[in-house]
Amino acid sequence: MSKFFDSLERDLEALGLGGRLGAYYIAALKMGSAPVHTIAREAGIGRTTAYALVERLRDEGLVTLVQKSGRTHVVAENPDVLSRNLETRKQRLEGMLPTLRALYQEGDVTPRFQVYEGVEGVETVLNTVLLAETQTVRAILSMQELMRMPGLDVIDRFASRRVAAGKWLNVLRSRVEETDDIWPDSAADLRRVRYARADAPFVSNLFLFDNKIGVISSRRENYGLILESHEFANLQIALFDVMWEQSSGASGTSST
């Protein structure tokens, strides 16, 4: 049972209810309604600290305070409040994002980059692509490497979410890396496919969107990368567009 509560506390920490705050909240849920100090004892927390924790939980709408026989009792609310709180925060964030992005763009023009390791890092890159403001994402993809990492399930999930977001994908691929006849040119899937004239495999994967470049490495190097630079992104887009015009369509005919 202790492993269960350890896991629960870690999950609550990800929601901003970490440490003693999470421990007190779990104890309050278990007891339903009890005096402040009784719940504190259950959670292994001092009484003085408990009152501050109760105020924070009350501010979040997770507990209420009632008076019983001259004593303050803490009553745990339905945990569904957590879901409502997250939805409210999400709505507030969406309203703030335009202003925050404007401030971000006005800041230091030094290029920014972040490297992410492993499959989780790759998914971070894909999730960033889904947040693109542009409605057409350019990509150079290595089909064999995508099948190796992050794998078909992750890429299919990305494709479904991309279509749901209404974002087209203009993708250049290499015929020598084609595998399993998947992800074809498809208007229904908002995907335009062309094949580069070069016979060499691409090995890595590249996404171009907004002022960003997203990179997914081979399984051997095992990383994802987001690079943000107006100038470098514009250069890569220009090079991509040249390759796109000189590449052939799915039928094998030239698109120039």
Nearest 0.05, what FRET efficiency do Val163 and Val115 give at R0 = 35 Å with Cβ-Cβ as r? 0.80
What area, in nm² and to one decimal, does the C-alpha convex hull of region 1-60 cast on average over all directions? 3.8 nm²
Separation between the Asp189 and Lys30 pseudo-spin-labels, each 7 Å from Cα along Cα→Cβ, expressed in nm? 5.0 nm
Bin all alpha-carbon pair distances of the chain at 10 Å intervals from 0 and give each bin's fraction as a whole percent. 6, 23, 23, 16, 15, 10, 5, 1, 0
Separation of the Thr134 and Arg92 label points, Cα + 7 Å toward Cβ, nm: 3.4 nm
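Mean separation of Cα pairs under 8 Å and 6+ residues apart, divided by the residue count of the chain: what relative contact order is that in percent?
So the answer I get is 15 percent.
Multiply the residue separation of Lys68 and Asp210 by 0.36 nm, subtract the distance between their alpha-carbon atoms, and state the gained length in nm to one decimal. Display every interim value, and only then the final one.
Numbers: separation 142, 0.36 × 142 = 51.12 nm, distance 5.88 nm.
Value of the extension gain: 45.2 nm.
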Separation between Cα centres of region 144-181 and region 14-58, rounded to whole Å: 47 Å
Under 15 Å from the Glu77 label point (7 Å along Cα→beta-carbon), backbone N, region 28-51: 29
Kindly report the accessible area of the chain per residue (heavy atoms of protein chains, probe 1.4 Å, no ligands, DNA or RNA), in Å². 58 Å²
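Counting only pairs 8 or more residues apart or on different chains, how many lysine pairs in the chain have their Cα atoms under 22 Å apart?
Within the chain, the lysine pair count is 4.
Please give the contour-minus-distance gain from Asn222 to Asn85: 0.36 nm per residue of separation, less the Cα-Cα distance, rounded to one decimal in nm.
So the chain would gain 45.7 nm between Asn222 and Asn85.
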Output ordering of 125-138, 87-100, 207-220 (per-residue mean of other Cβ within 10 Å, highest first) is 207-220, 125-138, 87-100
How far is helix 80-106 tilted off the main Cα axis of the chain, in degrees rounded to 10, range 0 to 90? 50 degrees
For region 1-147, what is the convex hull volume of the alpha-carbon atoms per residue, in Å³? 200 Å³
More than 25 angstrom apart: percent of Cα pairs within region 115-231: 14 percent
Using only Cα atoms, find the angle between the long axis of helix 118-130 and the longest principal axis of the chain, and express it within 0 to 90 degrees, rounded to the nearest 10. 80 degrees
Spin-label point model (7 Å from Cα, Cβ direction): what's the Arg101 to Asn127 distance in nm? 1.8 nm
Could you compute how much accessible surface Ser83 exposes when probed at 1.4 Å, giving the result in Å² to the nearest 10? 80 Å²
Please give me the summed charge of the neighbours of Leu227: other residues whose Cβ is under 9 Å from its Cβ, Lys and Arg +1, Asp and Glu -1. +1
Crossing angle, helix 152-164 versus the chain [Cα axis fit, 0-90 degrees, rounded to tens]: 90 degrees
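The values are calculated or read from the model by the stated rules, or taken from the named source; none is laboratory data. Since the model is a prediction, treat every value here as computed from it, not as a measurement. Neighbour counts run over all protein chains shown; Cβ positions are idealised from the backbone, glycine included. The area values use the complete protein model at the heavy-atom level, side chains included, leaving out ligands, DNA and RNA. Shrake-Rupley method; radii C 1.70, N 1.55, O 1.52, S 1.80 Å.
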